[in-house]
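Values quoted throughout were computed directly from the atomic coordinates according to the rules given, and no laboratory measurement underlies them. Since we're looking at a predicted model, the values are computed, not measured. Here the Cβ is made from the backbone with ideal geometry for all residues, glycine too, and neighbour counts use every protein chain on show.
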Amino acid sequence: MGQQPFETILEAHHAEIYRYLLRVTARASESDDLAQETFLRAYKAYRALAPDANVRAWLFTIATNLARNHFRAERRRRNAHAAVRATRAETDGTGPEGETLFKETRAHLDRAVARLPLKQRLAFVLRKVHDLDYDAIARNLDCSAESARAHVFHALKKIRQELQAFAPPRMELQQ
Amino acid sequence: MMRLPKVCADIESDIIAAATGEADPATDRRVQEHVGVCPPCGGEFERYRAIDRAAGAWRQAPTPVAALARMRKRLESRLSDLKRRTFTYRVFPSPLGNILIAVSEQGVSLIEYLGRAHTLSQSRLARLAGVEAIEDGAELEALSRELLEYLEGKRTRLDWPLDLRLARSDFHRTVLQTTASIPYGAVMSYAGVACEVGKPAATRAVAQALRWNPLPIVVPCHRVVGTSGSLTGYAGNKIELKQRLLATEGIPTVKAHDEFQIPRDTMYARYPGDDSYCLPTCPSLSTLEHPHQVVFFGSRARAEAAGLQPCTTCRPDLHPLAR
C-alpha cells in the first residue's frame, strides 16, 4: 500500500480536528470524545481510502458527521438548549466593550457563533477558521457547493445581527 | 432596522463577499467604489471584515498543549487496542469452495472454509467478541494468490507470519505449532503429535485442538491422521477436503469400508528425531518406543526435500517402493 502510516495522520491533524470540534460543540469533553471517535473511525476506513484522497478534508467530513449525529441525539434528549445556555453562561461577563471594532467583534464572536443553526455554524467554522473550500464543505454537509456558500453567507449575516444586538447602538453613533 | 436604499440593498451580499475575502476582483472593485461614497455601507464592510478577522484569529488561538497531549495519549492507547482487535479479511473462490482469509498486524490469523457462503456474517470472525473485521482486497490479494498456487500444487511452502491468537488455549497453540512442523508431503498420527507436545495420553485433546485449527492448510492439520492410517476427520465433516489436500501433496489414499486410509506400507517412514528415511520394513523401526511418532512420506522426493537422507540399513535409495 502506498499510504502513509496512520500515526502520521494522527500527528498531523489531531489538534486541528479537536479545535474544530471544540469550536462547534463548545464543550471540551465532548469535543475530545468526538475527536477520538473521528480518528478511530478513520483508522477503520483508512485502508479503503483512495491513495490520492485529501486526507484532511476526509477527516473533517468524519468529524462533521459525528458532530451532527451528536447534536441530533442531543436534540432527541432535549438537552440541546441546555448546552447552548451553558456556553453562554461561560462567556457571560467576559465582554467589556473593547476600543476597536475588531476587539469588540472578537469578544462576542463565540456567542454569536454558538447561536447559529448547526449547519451554518459548521459551514462558517469550516470556511472561516479551517479554510476548507466550498466543495469540501459541501461534502461535509451533504449539500451542493452553492448551498455551502449560502450557509456561510447566512451565518455571516446572522453573526452581524447578533453582534449588533450585543454591541449597543452607541457604536453606531461613534461611526 | 432602517430600510436600505436600493443600491445599497443590491450590493449587500457583494459587500459581505468582499469584506470576507470571497469576492472576485471585479466585485471587489465595485464594492470599493461604493463604500468610498456610502459611509453606512462602509461601516457594514468594516463590521464584516472584523467578523472575518476575528474568526481568522481563532486559528492562532493558543493550543492547550498539555490537554492535547493528554488526549493524544488516550487516543493512541485506544487506537493500539483497536489495532490489536482489527482483522482485515477477504473471501475468495478456490477449488475447495470459498475461503476467507484474515490477517492482523501480527500475521495471518484465520483461514476458513466457507463452502458456498461468501459473507463475513457466515464466518467465525463475525462471532468473535470484540473483533473489528474490515474487508480488504489489496493487501490480501497476494496471500490468496499464494494459497491458490499451493492448492494447485504449484507451491509447497507458505512462508507467512502467523498470528495464533485465535487458538482457544495455550495447549491448542502448542499443538498447532507442532503440527506446523510436519513437512509437506508427509503425515503423522494424532497420537504422534500428542507425544511430541509431551502429553502422550492427550490424543483426543490434540484432535480437538486441530478441529478448531484457525489456520487450516497453513497449519497442516490435514497431515495428521489416525494411528490406523484412517483419515478420521477434518474441519468438522470435510473429510474429502483432507483427501484432496493430501493428494495434492502426493500422499495416496485408498478407500476401504467407506473411509479413506493412508497405505502406510507403501510409504517411506522417518524414525522420530532421525535425519534419515526408511522403507516401512526397516528393522530399525521395530525397536521404536513410540511407533506412533513415525512420520510417513508419500515419496522419496518429499522426504529428501524435507532434508532427510536414505537410511543406510534398509537403503530405500537402492530398493525404492514399487507404486
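For segment B:6-59, the equivalent ellipsoid derived from the Cα gyration tensor has semi-axes of 19, 12, 8 Å, listed largest first. May I ask for the distance between the Cα centers of segment B:38-52 and segment B:138-162, given as a whole number of Å? Taking the Cα centre of segment B:138-162 as reference, the centre of segment B:38-52 is 68 Å away. By the beta-carbon count within 10 Å of each Cβ, the least crowded to most crowded order of A:Phe153, A:Phe102, fewest first, is A:Phe102, A:Phe153.
At a threshold of 8 angstrom on Cα-Cα distance, excluding pairs fewer than six apart, so keeping six or more, what relative contact order does chain B reach in percent?
Relative contact order comes out at 11 percent.
Dividing the helix sum by the residues of chain B, where each DSSP H run of 4 or more adds -39500 (n - 2.57), gives a mean residue ellipticity at 222 nm of -12500 deg cm²/dmol.
Where q = 0.10 Å⁻¹, what log10 of I(q)/I(0) comes from the Debye formula for the protein assembly as shown, counting one point per Cα? These q points yield log10 I(q)/I(0) values of -0.84.
Hydrophobic long helices, here whole DSSP H runs in chain B with Kyte-Doolittle means of at least -0.5 and Cα atoms spread over 15 Å or more along the helix axis, are found at B:6-19, B:138-151. Its convex hull of Cα atoms gives segment B:167-310 a direction-averaged projected area, equal to a quarter of the hull surface, of 8.0 nm². Taking the convex hull of the alpha carbon positions in chain B and averaging its projected area over all directions gives 28.9 nm². Counting other Cβ atoms within 10 Å as a rough exposure proxy, the listed residues B:Trp58, B:Trp160 run B:Trp160, B:Trp58 from fewest neighbours to most. D by Stokes-Einstein for segment B:217-293, Kirkwood Rh over Cα pairs, 4 °C, 1.567 mPa s: 95 µm²/s. Seen from all directions on average, segment A:1-68 presents a Cα convex hull projection of 4.1 nm².
Computed from the alpha carbon positions, the gyration tensor of segment B:63-165 leads to an equivalent ellipsoid with semi-axes of 34, 15, 10 Å, biggest first.
Loop-located trypsin sites (Lys or Arg not before Pro) across segment B:1-98 with a Cβ neighbour count of 10 or fewer within 10 Å are B:Arg3, with loop assigned by DSSP. Computed 3J(HN,Hα) for segment A:28-36, one whole-Hz value per residue from the Karplus formula 6.51 cos²θ - 1.76 cosθ + 1.60 where θ = phi - 60°, is 4, 5, 5, 5, 5, 4, 5, 5, 4, glycine and proline marked x.
Given +1 on the Cβ of Lys and Arg, -1 on the Cβ of Asp and Glu, and no further charges, what dipole in debye does segment B:63-165 carry about its Cα centre, rounded to the nearest 20? Before the final figure, lay out the partial values.
Numbers: 17 positive and 14 negative charges, 110 e Å.
Value, rounded to 20: 520 debye.
Ranking A:Ala165, B:Gly250, A:Phe153 by how far each Cα lies toward the positive end of the dipole of the protein assembly as shown (charges on Cβ) leaves A:Ala165 at the top.
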